[in-house]
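What follows is a short report on a single structure.
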Amino acid sequence: MSSSICLTRRSCLGALSSLAATAVCRGADRLESRPRVAVVMTTCFFRSHAHVILENFLNRYLFNGKPIEPGVRVVSFYVDQFPENDFARDIARVYGIPIYGSIREALGCGADRLAVDAVLSIGEHGHYPKTPKGQVMYPRKRFFDEIVSVFRKSGRVAPVFNDKHLSYRWDWAKEMVDTARAMKIPLMAGSSVPLAQRRPALELPAGCEMAEAVSIHGGGVESYDFHGLEVLQSMVEARKGGETGVVRLRFLDHDRLWEAAGRSEWSVQLAKRAMANELGADHDLVRCFDRRGRDSAGKPVAMHGIQLQYADGLRAMVLKVGSSGIRWNFACRLKGAAESKATSFYVGPWNNRNLFKALSHAIQVHFRRRRAPYPVERTLMTSGVLDAAMDSRVKAGRWVETPHLTWPYAPRDFRAMREMGATWKWIPEGTPEPSGLDRLELHWPACGPRHAG
């Protein structure tokens, strides 16, 4: 998730130097027993994905109100780009992590064969060209291919995590998953948002029959649409019959969205329910649904949507409403139920930064157990949906048939990976945000165990 906030190099150095001053050795034998991780990243600066993931790999962090040791050891970096506000070099120096000039060298720790136990691939942020459809051409597929090349040469594989969607191209995304299956590479991917605390707590019963669902975010085209799709998919995939895939979809700009609403092609009331859960029924962004997407002054509210038709008849919509990078809402209507169900995904303080504590925990579990806590097929599906939605967008919102997305997959119960809310007793709203890497000790004096129960 993007942010315009950045630090000067001097303030970055100061923050990281304070980490070095407080670093404590917790036992060399214990450290040596941890899986060795190579980190492959596009770039690293304040609030970049690399920053907010790495801070939970290099220091203790909070998950469900408990201090967590990472349980893995970062031993090498590959960095594709170094901006003026670069964090990577300073982190590498403070933590004694070598930066290698190629992915091959990073995975081999300077040698020609695999020398690590897991690979953390963070292909988000940085300066990369866009496709004609407006997708940033992040090198996630290139990263994966170079990682796989090392695996092939070494005659063994290691677990891999791929941040966000697999690729901006469906064929490349599918090739990545097919390769992982063929080579038995434990592959995990996806968004941090499905792991956030749900307010109110909402657990949909496995095997429930679902008629319609809506997921709402407040961010930009494609980059935040992906998170909205992951929220949707993480909620609907366990419905009766399991996931069966998407048969067609379309991207709707503001005017086409409301033309479709006028034909009752998506539920305005369900979207209102999702927004009211976040903001209350009287908020202008909730009442705008009664004014065909216009605010109290008659101006259009920033909106677009991705409308999906699933193979089993489920109707769904991913909406962008307003401008808020921390808006993650969901609502659905179960068959035979009198009332809809709704929840919001709470990110904690510091905007979306603390979402990555739960995600980092899930990745570390994946690395240690060599099995993803939830199926990579979820993110394969959302990667394909997103690419098709961008096709529809350049085709003026026409329906795009998606027979390539009509395949089943089995969900997994990932509740153990989700933040349930206890962390916010340690880091309540208003807690000052660290200007460098987060450290648990920053929160201990103010909150500590006496407030965590």
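Computed from the coordinates by the stated procedures, all read-outs in this text should not be read as laboratory data. This one's a predicted model, so the numbers in the text were calculated from it and none came from an experiment. Heads up, the Cβs are rebuilt from the backbone with ideal geometry, glycines too, and the neighbour counts pull from every protein chain shown.
Taking Cα centre as origin and charging only the Cβ of basic (Lys, Arg, +1) and acidic (Asp, Glu, -1) residues, the dipole magnitude of region 197-346 rounds to 280 debye. Peptide packing for 38-44, 110-116, 285-291 was compared via the average number of neighbouring C-beta atoms within 10 Å per residue; ordered from the highest value, the list is 38-44, 285-291, 110-116. Across region 143-159, computed HN-Hα scalar couplings (Karplus, 6.51 cos²θ - 1.76 cosθ + 1.60, θ = phi - 60°) run 4, 4, 4, 5, 5, 4, 4, 5, 4, 4, 5, 8, x, 8, 10, 9, x Hz from first to last residue, x flagging Gly and Pro. About its Cα centre, the dipole of region 186-255 is roughly 200 debye, where the only charges are +1 on Lys and Arg Cβ and -1 on Asp and Glu Cβ. Between residue 394 and residue 253, the modelled label-to-label distance comes to 1.6 nm, taking each label 7 Å out from Cα in the direction of the beta carbon.
Each DSSP beta bridge with both residues in the chain is either parallel or antiparallel, and the antiparallel ones are about 60%.
Calculated FRET efficiency, residue 422 to residue 202, Cβ-Cβ distance, R0 = 25 Å: about 0.90 to the nearest 0.05. Toward the positive end of the charge dipole of the chain, with +1 on the Cβ of Lys and Arg and -1 on the Cβ of Asp and Glu, the farthest Cα among 208, 43, 311 is that of 208.
This model, with +1 at the C-beta of Lys and Arg and -1 at the C-beta of Asp and Glu, gives the chain a dipole about its Cα centre of some 520 debye. For region 197-346, the residue among 286, 246, 322 whose Cα projects farthest onto the positive side of the dipole built from Cβ charges is 286. Counting neighbouring Cβ atoms within 10 Å and putting the fewest first, the residues 251, 46 line up as 46, 251. With both labels modelled 7 Å from their Cα along Cα-to-Cβ, the residue 102 to residue 335 distance reads 5.6 nm. The distance between label points at residue 412 and residue 183 comes to 2.0 nm (points 7 Å beyond Cα on the Cα→Cβ vector). Over the chain, DSSP H runs of length four or greater, each weighted -39,500 (n - 2.57), average out per residue to a 222 nm ellipticity of -9500 deg cm²/dmol.
When you restrict to C-alpha pairs under 8 Å that are six or more residues apart and normalise by the size of the chain, the relative contact order lands at 21 percent. 3J(HN,Hα) along region 286-295: 7, 5, 5, 5, 8, 10, 6, x, 10, 7 Hz, from the Karplus curve 6.51 cos²θ - 1.76 cosθ + 1.60 with θ = phi - 60°, whole Hz, x for Gly and Pro. Between the Cα long axis of helix 9-22 and the first principal axis of the chain there is an angle of about 60°, rounded to the nearest 10.
If you take the beta carbon distance between residue 295 and residue 435 as r and set R0 to 22 Å, what does 1/(1 + (r/R0)^6) give as a FRET efficiency, to the nearest 0.05?
0.05
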